[in-house]
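Written out below as structure tokens is the structure these notes cover.
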């Protein structure tokens, strides 16, 4: 049974956006800090640090998860996706990201990485959501700039274009 | 907002987890989905010396029919139970309450048993477990015991679990023929902690109502009239008996009023759902 001592740092390895990564972490290090400070992946934002605001939401083993509600050591061996993994190639945004830009679904942008990761996951399993579905789903995220109206519009627009893209593919 | 130092143990069997709990007692804490524990660690309301991660123990993430009940293992995540196709038929009250537990982004990680262990007085899963008269299976190196929900929840975030025990599973009774089930809660925003939550079971003669978010633990009332003035009077007594308190979110008076209105609406809905 592995027991990782409090004072030492331990190897943590996982797959991030399709590539294997590793680093050293004390048991108490949150996954948010591991992503940002150890791996230098600062796309994941840290807001409340206790699971309320949703800014740090990423995808862990295919489901949305608050990175601040995970220890880095818990992620050992897992498959993670962060906002850096959304764009299909440098200089080209995903359909969801394009919709956010078209609808001005961000102002300061602090909450955006978490909302994008949540919606990216949600729209995969729920290709034809209603506005009410989107609003219920977004209760897991706080945005203090937009009033959510453009975010909901962007999500519905992205859902439609994702359906079209799937249909024509 | 950073956790204090602790050792991290990745238990590979229940026996290993029991050993660490027996050795460390109250200095150890069990980590499952982490959706309640991590905020406690980060705010340092909890400062364990050892955190025991039980999520990689084989066989704990199983939803198993067990006679006229459903056994939900310690590693079963809320989203997994909510997506279980048999759930609405097996236990409609649980199916109706789960969408109110946190947010989609926390149900994906949070476990059913973890919410029971945390025993927040406004949490939905403890409320449902109490309403259904379910049981908690506790285990330790000393053996296993089953505790009825009513005896398990002893107060604000405190339970009958001994320091060397962990919750191995919870047992939720299945839907009973001729009974209707309903769940309602009032919160400022979907997914926030309930200001008042109600779970009702309506039989042919009487109703059972569990109320969360008001007292320091969920409370259950049996043998309530199904409707009419008799129900109003019973709900008045319940509202007055519950030790409601003023806090940031609502006054005690407001909560009492919600108990009356929400209680009545939930029982009415349960009556309509009787099959």
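Rule-based calculations on the coordinates, nothing more; no lab input. Only a predicted model underlies this, so the values are computations on that prediction, with no experimental measurement involved. Note that we place each Cβ from the backbone using ideal geometry, even for glycine, and neighbour counts take in every protein chain shown.
Values for this structure:
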read-out	value
Angle between chain B longest axis and helix B:228-241 axis [Cα atoms, degrees, rounded to 10]	40
Reciprocal mean inverse distance between Cα atoms of chain B - Kirkwood radius, Å	19.1
Segment residue A:104-residue A:19, length gained on full extension (0.36 nm per residue, minus Cα span)	27.5 nm
Value of relative contact order over chain B, rounded to a whole percent, pairs C-alpha under 8 Å and six or more apart	16
Helix-only CD estimate at 222 nm, as mean residue ellipticity for chain A, using -39500 (n - 2.57) per DSSP H run (n ≥ 4)	-9500 deg cm²/dmol
Whole-number Å³ per residue for the convex hull built on Cα positions in the range B:42-129	115
Stretchable slack from residue B:4 to residue B:271, in nm (0.36 nm times residue separation minus alpha-carbon distance)	91.1 nm
Chain B - mean residue ellipticity at 222 nm from DSSP helices (-39,500 (n - 2.57) per run, n ≥ 4, rounded to 500)	-9000 deg cm²/dmol
Average silhouette area of chain A, convex hull of alpha-carbon atoms, in square nanometres	10.6
At R0 = 35 Å, FRET efficiency that the Cβ-Cβ distance of residue A:132 and residue B:47 yields, to 0.05	0.25
Where only alpha carbons of the range A:44-137 are counted, the Rg and the Dmax (Å)	13.5, 38
Cα long-axis angle, helix B:14-24 against chain B (0 to 90 degrees, to the nearest 10)	80
Separation in nanometres of the label points that stand 7 Å from Cα toward Cβ, at residue B:13 and residue B:162	2.2
Alpha carbon Rg of the range B:169-271, scaled by the compact-globule rule 2.2 N^0.38 Å	1.06
As computed over the range B:7-53, the Cα convex hull volume per residue (Å³)	63
Kirkwood Rh, Cα atoms: Rg over Rh of the range B:142-189	1.08
For the protein assembly as shown, the spread of Cα positions along each principal axis, largest first, Å	68, 54, 41
Distant alpha-carbon pairs in the range B:73-231 (separation over 21 angstrom), percent	44
Calculated FRET value between residue B:230 and residue B:83, using beta carbons and R₀ = 41 Å, to 0.05	0.55
Helix A:149-168 axis, angle to chain A major axis (alpha carbon atoms, nearest 10°)	80
